[in-house]
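Structure first, commentary second.
The values are calculated or read from the model by the stated rules, or taken from the named source; none is laboratory data. Worth saying up front: this structure is predicted, and the values here are computed from it rather than measured. Here the Cβ positions follow ideal geometry from the backbone for every residue, glycine too, while neighbour counts run over all protein chains shown. These area figures cover heavy atoms from the full protein model, side chains too; ligands, DNA and RNA do not enter into them. Shrake-Rupley method; radii C 1.70, N 1.55, O 1.52, S 1.80 Å.
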Amino acid sequence: MRMILLSTLAVLIGTGAALAFPTEEVPTSEPAYLAKVKTAAPAEIVAKASIVMMQNGKPKSLQTGTNGYTCLIGPDGTPLCADENGMAWVNAVGSKSDPPNKIGFIYMLAGDTGTSNHDPYQRSSHQHWVQTGPHVMIVGPLVREMPGYSRSADVADPTQPYVMFPGTPYEHLMLPVATAK
């Protein structure tokens, strides 16, 4: 699994990212949902991932996975695929609880719909706003020990790696990527 992750990173990381962003729409039909969620990660990851869709406030399984990844569309319309530790981190952010003390990996190859970079719960404020094109994320407390990345709440260039939510328990590394042509 580690070799797949490293190979994928080597292929994806580029000097910049195309500025393509998803819409904030969360499709309600299964075919439209599947089409959008499949933009989150490489096809070989999505093909073997669990895919879940929220319906009536409860998760509905659309695909049972075998590779440890779960793919979904967030409430803000951002499609993502996360490994087990990445999903635990996503759930911690959603429940405002302490994130797990583990490194996780999250794909967002469709980009995101933007957020406030200083606080994960202040999206509507549009303060310190940042929107990132195709990227992957490394999450977990050890990100604080990774030197050399911008930790400013005001991101000067979201096509370059930076730390999102700096100084919060949800601090994580954003790595913009160039998508395969």
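Here are a few things to note about the model shown:
- Scope the range 53-72; condition in a strand (DSSP E or B) and under 13 Å from TYR107 (Cβ atoms); matching residues: THR70, CYS71, LEU72
- The range 29-77 - residue that is among the hydrophobic types (A, V, I, L, M, F, W, C), in contact with a Pro (Cβ under 7 Å, 6 or more places away or on another chain) and open to solvent by 10 Å² or more (accessible area, probe 1.4 Å) and, of those, modelled with the lowest pLDDT: ILE73
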